[in-house]
There are 2 protein chains.
Amino acid sequence: MVKIACLGIGLMGDPMARNLVAAGHDVTIWNRTRAKAKAICGATVADTPAAAVAGAEIIISMMSDGHATLAIQSESELRGTLQHGQIWIEMASIKPAEARAQADDLTSFGVAHLDAPVSGGTAGAIAATLAIMVGGDAGTFASAAPILSALGRPVHVGPSGTGQLAKLANQGIVGITIGAVAEAMLLLEKGGANPAAVRDALRGGFADSTVLQLHGARMTDDDLDARAKAAIQLKDMNNIMDEAHNLGLSLPMSADIQTRFKTLCCDMGLGGLDHAALYLELLARNPKD
Amino acid sequence: MVKIACLGIGLMGDPMARNLVAAGHDVTIWNRTRAKAKAICGATVADTPAAAVAGAEIIISMMSDGHATLAIQSESELRGTLQHGQIWIEMASIKPAEARAQADDLTSFGVAHLDAPVSGGTAGAIAATLAIMVGGDAGTFASAAPILSALGRPVHVGPSGTGQLAKLANQGIVGITIGAVAEAMLLLEKGGANPAAVRDALRGGFADSTVLQLHGARMTDDDLDARAKAAIQLKDMNNIMDEAHNLGLSLPMSADIQTRFKTLCCDMGLGGLDHAALYLELLARNPKD
């Protein structure tokens, strides 16, 4: 039984906190808009981040972005409660440089830091099957892994910031694969094949993926209500290209897909649709005859 | 028990013919270089394609390419043996237009035709777990499906030529996904993450695929001996772009990846390596500092 503070009780943070309670931990929750945080049976509600963090062994932040977490970390009241030996785990998807800045900031208080963004969505959070990509010190990871295992499958991928880098790599593969599947679906439709039958035929083969099955169906069924917004995919591609720039890397496909999501979101105004709506950008390049 | 002629007993055709024998069919095999065809217990060896085809209910061709099959179909001796009601199943990967030409040619003899290319490689052929993408008449598919089921999982995807189109879509997704994974692996390596750990962390998520796990490992382990040659991937990309041109389609990612496999195979001279060697083309764009 570990004393855990959970900061940010939103769509992801809520089921994660519930799973920590279910695992038998002593959980204190805090949310910026207190009314938005549903009551969680067995968890204590704190009025401030400082009150939640005080005395906690593990602090898990799952705020909207890196700025939100850093704002909390900067509060003097909270800084006064930080204690040597605490572990702060940032589970939101933020920039690798922001994660490293968080870690550096906390070091002076003797607080260890892990960046541990997740993949799997709210369904994965509820089922405690999240993929958890963890950057930071190996010893700190070893201490935190048993707690993270109540939320999904934690894997240590390298030093501070690399958890976020892994998440970016994940998002980049998803974005480009959506582009690949869009071209395949268009080729099949225009060539007179049944795309749904082809998706079925390809199941289990080298071309198969969740993106082929789910996003491919969203494209050819014109079912583009957002499960994950195109605007968020654009933000991810922007972060990937920022990181590539920082590292001096040329990533031609990531650059192309960034440009095309920008066209979709900014020029076509469709950033509120699902990221599978990149199909519409491809269709716009292929006017009907 | 159906009388089946198998034309082309190579790496794929050999295990396929064996599985048809094992399913209890009366199988006659023919191979251009007779010595290359290993004896298959329970199958009859024919001296000519015509002798194999004579009296067969089902003819399965698995030659090296569309030209090879069309050359056999054009032999006057073989044409003299064709009978109304026979079904010719082209299982090699050929161009959609070649498949339609085969079908048209056979129609005048009352011979039905299916184009049924496969995915899954020799391992899938041996295990009878091939993905079989079938184009052609629905009634003909219904007749042939029980036989094809001895080789894997047949799915009817549309009219004549669409089986080949589905195979092209498969190859295009694979080629582009290799490009996506290459950029992710490079980003992770240069950013200080452990790519093998990240591949493990992403298992089962939205970015996961056989290409991420297998080809990603080939890239970062520098294990680029050919399981599928880059030169064949280039041929596939050329066929996709030919088909896109015929259909008047703009497929920007397929076009880019075609250009890059051409650079890898023609300018860098590495077409004999695995298609995961596209990573080397990406590295060449990113000179070491």
### Task
With the checklist (1) surrounded by fewer than 24 Cβ atoms within 10 Å (Cβ to Cβ); (2) part of a loop (DSSP other than H, G, I, E, B); (3) aliphatic (A, V, I, L, M) in hand, flag the one item B:Ala217 doesn't pass.
(2)
### Query
In the list B:Asp236, B:Asp225, which residue meets the criterion of being surrounded by fewer than 24 Cβ atoms within 10 Å (Cβ to Cβ), touching a residue at least 40 places away in the same chain (Cβ under 8 Å) and under 19 Å from B:Leu251 (Cβ atoms)?
B:Asp236
#### Entry: Checking A:Ile40 against (1) free of Cβ contacts under 8 Å to residues at least 12 places away in the same chain; (2) touching a strand residue (DSSP E or B) at 6+ places or on another chain (Cβ under 7 Å), the condition it does not meet
(1)
### Task
State yes or no: is B:Asp274 of a type outside the set (A, V, I, L, M, F, W, C) and crowded, with 16+ Cβ neighbours inside 10 Å?
yes
### Query
Which residues, taken from region B:104-120, are within 14 Å of another protein chain (Cβ to nearest Cβ) and touching a Leu at 6+ places or on another chain (Cβ under 8 Å)?
B:Ala116, B:Val118, B:Ser119, B:Gly120
### Query
What number goes with the only condition from (1) touching a residue at least 12 places away in the same chain (Cβ under 8 Å); (2) surrounded by fewer than 24 Cβ atoms within 10 Å (Cβ to Cβ) that B:Ala92 does not pass?
(2)
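Here's the yes/no breakdown for (1) under 15 Å from B:His156 (Cα atoms); (2) modelled with pLDDT of 95 or more; (3) touching a helix residue (DSSP H, G or I) at 6+ places or on another chain (Cβ under 8 Å); (4) outside the structural domain of A:Leu280 (by TED's automatic domain parsing):
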| residue | (1), (2), (3), (4) |
| --- | --- |
| A:Gln171 | no, yes, yes, no |
| A:Leu188 | yes, yes, yes, no |
| A:Gly191 | yes, yes, yes, no |
| A:Pro195 | yes, yes, yes, no |
| A:Arg203 | yes, no, yes, no |
### Query
Within region B:228-255, can you find the residues that are β-branched (Val, Ile, Thr) and in contact with a helix residue (DSSP H, G or I) (Cβ under 6 Å, 6 or more places away or on another chain)?
B:Ile240
### Query
Exactly one of (1) within 14 Å of another protein chain (Cβ to nearest Cβ); (2) surrounded by 15 or more Cβ atoms within 10 Å (Cβ to Cβ) is unmet by A:Gly248. Its number?
(2)
### Number of the exception - A:Glu189 against (1) in contact (Cβ under 8 Å) with a residue 40 or more places away in the chain; (2) more than 21 Å from the chain's Cα centre (by Cα)
(1)
#### Entry: Subset tally (residues that are free of Cβ contacts under 8 Å to residues at least 12 places away in the same chain and within 9 Å of another protein chain (Cβ to nearest Cβ)) for region A:257-289
2
#### Entry: Hits in region A:18-30 - residues which are within 11 Å of A:Thr44 (Cα to Cα), out of contact with any Lys or Arg (no Cβ under 6 Å at 6 or more places or on another chain) and either among the small types (Gly, Ala, Ser) or assigned to a strand (DSSP E or B) (or both)
A:Val27, A:Thr28, A:Ile29, A:Trp30
### Summary
The correct count of residues that are at the interface with chain A (Cβ under 7 Å from one of its Cβ atoms), closer than 30 Å to A:Leu251 by Cα and β-branched (Val, Ile, Thr) in region B:155-187 is 5
### Message
farther than 19 Å from B:Gly192 by Cα, surrounded by fewer than 19 Cβ atoms within 10 Å (Cβ to Cβ) and within 14 Å of chain B (Cβ to nearest Cβ): which single residue out of A:Ala97, A:Ala128, A:Ala123 fits that description?
### Response
A:Ala123
### Query
Residues in region A:134-154: is at least one under 30 Å from A:Pro252 (Cβ atoms), hydrophobic (A, V, I, L, M, F, W, C), crowded, with 23+ Cβ neighbours inside 10 Å and outside the structural domain of A:Gln258 (by TED's automatic domain parsing)?
yes
### Message
Return the residues of region A:188-211 that are under 22 Å from A:Arg285 (Cβ atoms), part of a helix (DSSP H, G or I) and within 7 Å of another protein chain (Cβ to nearest Cβ); say none if nothing qualifies.
### Response
A:Leu188, A:Lys190, A:Val198, A:Val211
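With a cut-off of at least 2 residues that are at pLDDT 95 or above and of a type in the set (Asp, Glu), name the helices (runs of 4 or more DSSP H) lying wholly within region B:230-289.
Once the helices (runs of 4 or more DSSP H) in region B:230-289 are filtered for at least 2 residues that are at pLDDT 95 or above and of a type in the set (Asp, Glu), what remains is B:230-247.
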### Task
Please work out which residue is nearest to A:Lys36 (Cα to Cα), limiting yourself to region A:61-110 and to residues that are among the aliphatic types (A, V, I, L, M) and touching a Pro at 6+ places or on another chain (Cβ under 6 Å).
A:Ile72
#### Entry: Candidates B:Ala71, B:Ala97 - the one that is farther than 21 Å from B:Met1 by Cα, free of Cβ contacts under 8 Å to residues at least 60 places away in the same chain and out of contact with any Ser or Thr (no Cβ under 6 Å at 6 or more places or on another chain)
B:Ala71
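Each row is one residue, and each column tells you yes or no for (1) part of a loop (DSSP other than H, G, I, E, B); (2) within 15 Å of B:Phe206 (Cβ to Cβ); (3) of a type in the set (Phe, Trp, Tyr).
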position	(1), (2), (3)
A:Ala125	no, yes, no
A:Thr140	no, no, no
A:Ala144	no, no, no
A:Ile147	no, no, no
A:Ala150	yes, no, no
A:Pro154	no, no, no
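The values are calculated or read from the model by the stated rules, or taken from the named source; none is laboratory data. Just so we're clear, the structure is a prediction, and the values are computed from it rather than from any experiment. Cβ coordinates were reconstructed from backbone atoms using ideal geometry, including for glycine residues, and neighbour counts include every protein chain displayed.
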